[in-house]
Amino acid sequence: MTKPGVLYVVATPIGNLGDISARARAVLAAVSVVAAEDTRHSGHLLRELGLERPLLSLHEHNERARAAELVERLLSGEDVALISDAGTPLVSDPGYQLLQAALAAGVPVSPVPGSCAAIAALSVAGLPGDRFCFEGFLPPRAAARRRRIAALAGETRTLILYEAPHRIAASLADLAAVLGGERRACVARELTKQFESFYRGTLGELAELAARDASLGRGESVIVIAGAEPQRPAGSELDATLGVLLRHLSPSAAAAAAAEITGHGRNEAYARALALVAATAPVGTESDDA
Ligand code: SAM
């Protein structure tokens, strides 16, 4: 049986050609065919990199048919590279159908990581990067956009959004209106390009800036937004948690665990634990570590 080829999912630069990796170059030079979102655009990129490879278009309108054709070639032993117009394929870009078809056929797939606008923006936004939530593009229509933003209002992780240049002002206005003008945010514009710029402030300030300064809507942007403040659980939740823990632990151990579970302070949890023990203990007894 012929050994199948490898489907390489290759990241390309989001602006600065210097960001192509040595491995991406080597893989693109070696594969039988490069599947690209826009063959004219990618042909230009390959020429700039000094590479000549056969290109095949793969975009949202032909992806299913192309996937079947490419999987046949992979099964016959050819290596294939998938690239998109910029950045990492499948991140708000085509490639999902091809990947699914390749995995279903038992074809090995391998990532060649590199640029991604979301990660580049997050890395300099000035907002927490340890837990984040990538939401891609908001819906283009205002009512649906506001509904989606409302659904994200309680999200405590840093939010990352992509946006088209002509919608950046409207989206920032809706984000400020629905999430509140005080949330900290960063608009990262034209990353890695000549006019790379960052706008940091509250959503209210950024919405106001976008409304009066057209330069914010020139070029591509990523919006990074601070997550919502975690909601402290109601006191009854602390009591309920302590109620269970006190059946197995001393008040101090139960308080430490309950504080961690509910987000309440340790002192507050300990005081509640003592109060609960006192309320349930027979008159004249003392808790083990009070
Ligand atoms: N796959 C790409 C990636 O890995 O980032 C994203 C493709 S998505 C169709 C295009 C969106 O990515 C743009 O509308 C913009 O929000 C963001 N983007 C891409 N390049 C960018 C850049 N150089 N600076 C800022 N945002 C960029």
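Side notes on the structure shown:
- Cβ-based net charge around Ala170, under 15 Å, with every Lys or Arg adding one and every Asp or Glu removing one: +3
- Relative to the longest principal axis of the Cα atoms of the chain, helix 39-48 runs at roughly 80 degrees.
- Electrostatic tally near Arg145: other residues with Cβ closer than 12 Å to its Cβ, Lys and Arg +1, Asp and Glu -1, net +2.
- Local electrostatic count at Leu75 - Lys and Arg +1, Asp and Glu -1, tallied over other residues with Cβ under 13 Å: -2
- Of all accessible heavy-atom area on the range 1-133, the percent that carbon and sulfur account for (1.4 Å): 53
- Fully extended contour minus Cα-Cα distance, from Gln100 to Arg247, at 0.36 nm per residue: 48.0 nm
- For the range 263-273, 3J(HN,Hα) per residue [Karplus equation, 6.51 cos²θ - 1.76 cosθ + 1.60, θ = phi - 60°, Hz, x = Gly/Pro]: x, 6, x, 5, 5, 4, 5, 5, 4, 5, 4
- At 1.567 mPa s and 4 °C, Stokes D of the range 1-105 from Kirkwood alpha-carbon radius, µm² per second: 95
- Projected onto their three principal axes, the Cα atoms of the range 235-280 cover extents of 24, 18, 16 Å, largest first.
- Probe 1.4 Å, accessible area per residue of the chain, Å²: 52
- Kirkwood-based Rg to Rh ratio, the range 170-255, C-alpha trace: 1.35
- Computed from point charges on the beta carbon alone (+1 for Lys and Arg, -1 for Asp and Glu), the dipole magnitude for the chain about its Cα centre is near 460 Debye.
- Solvent-accessible area, 1.4 Å probe, carbon plus sulfur percent, for the range 235-280: 57
- Span from the the range 137-200 Cα centroid across to the the range 48-72 one, whole angstrom: 32
- Label-to-label distance for Ala275 and Ser215 is 5.6 nm, based on points extended 7 Å past Cα in the beta-carbon direction.
- Distribution of pairwise C-alpha distances over the chain, 10 Å bins, in %: 6, 22, 21, 18, 15, 10, 6, 2, 0
The values are calculated or read from the model by the stated rules, or taken from the named source; none is laboratory data. It should be emphasised that the depicted structure is a prediction, and the values quoted were computed from it without experimental measurement. Here Cβ is always computed from backbone atoms with ideal geometry, including for glycine, and neighbour counts include all displayed protein chains. Please note that ligands, DNA and RNA were not included when accessible areas were found on the heavy atoms of the full protein model with its side chains. Shrake-Rupley method; radii C 1.70, N 1.55, O 1.52, S 1.80 Å.
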